[in-house]
Amino acid sequence: MACPTQFICKALRSVGLVLFYYVFSIGITFYNKWLMKDFHFPLFMTLVHLVIIFCFSTLTRFAMQCWMGKPRVTLPWKVYLSKVAPTALATALDIGLSNWSFLFITISLYTMTKSSAVLFILFFSLVFKLEEPNPFLILVVLLITSGLFMFTLKSTQFNLEGFIMVLLASFIGGIRWTLTQVLMQKAELGLQNPIDTMYHLQPLMFLGLFPLFLLNEGLSVSTTEKLFRVSELSHLLYSLLTLSVGGMLAFGLGFSEFLLVSRTSSLTLSIAGIFKEVCTLLLAVEFMGDKMSTVNWLGFAVCLSGISLHIGLKTYYNKVRDNPDLELPLLQTKDYYCGDTNDEEEHEILY
């Protein structure tokens, strides 16, 4: 039986990791929204983030290799293109459309709509047979759908174009996390460690998003005075600095997710995600001027109840199967990367 001191230390560690995760998760949402007010190139911003994440992943892999004294996994080209490419394309479109939507909608509508990704994750997990059919899933779908409808009903800050973008991103996010789970659970690929997964995903994500960037922002970015036609060096340095901060937040988000789930459980991350939604909405109303009616708040509560029911059901059925830890990719619906790992991999990443 653990002594009170050990329990308190474990509780404080869990709280600290949750707060660490909140800093990056909430921070990148508000930071991207703030940046989009003056920098109207969300796809270019996403491409810069991908480059920064790849660089940090490469440096982290090198440090891990030097510390552990053994090489990291590197997939051959044939396996890389056939196995990783679908996940990379889905991830790139999910993140790109999510960032693009900040040009049109408020943080509160973005947060609420992205919560609907659980519906699409459930659908694709049933298609890929990662989730067993359950009659309670119908109730989960009804709660989340009705909550989303109530939240958007008579909203004074509703924007159809941005709403469709986030809804499409949520749909693609369902494919993304399902494929990510399949990718990370294939032991023969050796991508159980999220750092290795991030390292392999970023180049293909960049290539997948680049044509969309050229089509929509290529000419505008090449002629903007904020970047390539800058008149003062200070303006260019400011733009690069603000973009780099967002990239570091994106990498920190993935790293903080992994720390949280590896030192506690994916259930902790899922529950923390619910409270994060509440914190995000409260902060958006208080500091960003988002307006929400009583019906909107009620819809948000109904949607969260559906997500909570889904988490509770997964907890129960995993315990029935003597597998108490939840499968993270099916629960984390709007952030970059995360995953469970064995003790050796956890030891590596913590160093």
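The values are calculated or read from the model by the stated rules, or taken from the named source; none is laboratory data. Here the structure is a predicted model, which is why all the values come from computation and not from measurement. FYI the Cβ positions are ideal-geometry reconstructions off the backbone, even for glycines, and counts take in every protein chain you see. These accessible areas exclude ligands, DNA and RNA; they are computed on the full protein's heavy atoms, side chains included. Shrake-Rupley method; radii C 1.70, N 1.55, O 1.52, S 1.80 Å.
Quick look at the numbers
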item: Table column - 3J(HN,Hα) (Hz), region 86-99, Karplus curve with 6.51, -1.76, 1.60, x for Gly and Pro; result: x, 5, 5, 5, 5, 5, 4, 5, 4, 5, x, 5, 4, 5
item: Contact order normalised by residue count of region 4-336, Cα under 8 Å, 6+ apart, percent; result: 33 percent
item: Assigned charges on the beta-carbon of Lys, Arg, Asp, Glu; region 4-336 dipole about Cα centre (debye); result: 500 debye
item: Label-point separation, Met68 to Leu236 (7 Å along Cα→Cβ), nm; result: 4.0 nm
item: Rough spin-label spacing in nm, given labels placed 7 Å along Cα→Cβ, for Ile274 and Phe7; result: 2.3 nm
item: Probe 1.4 Å, accessible area per residue of region 4-336, Å²; result: 46 Å²
item: Set Lys186/Lys314; Lys129/Lys314; Lys83/Lys314; Lys33/Lys114; Lys83/Lys186; Lys114/Lys186 screened for pairs whose C-alpha atoms are more than 19 Å apart; result: Lys186/Lys314; Lys83/Lys314; Lys114/Lys186
item: Furthest towards positive pole of dipole, Ile107, Thr5, Thr58, structure part region 1-111, Cβ charges; result: Thr5
item: Distant-in-sequence amide H partners of Asn159 (H built 1.01 Å from N, under 5 Å); result: none
item: Relative contact order %, region 15-152, counting alpha carbon pairs below 8 Å whose residues are six or more apart; result: 30 percent
item: Distance between modelled label sites at Asn134 and Cys55, nm, 7 Å Cα→Cβ extension; result: 4.4 nm
item: Length released on extending from Trp34 to Ser14, taking residue separation times 0.36 nm less the Cα-Cα span; result: 4.2 nm
item: Percent accessible area from carbon and sulfur atoms, region 4-336, protein chains only, probe 1.4 Å; result: 71 percent
item: Cut-off under 5 Å, modelled amide H: who pairs with Thr106 long-range; result: none
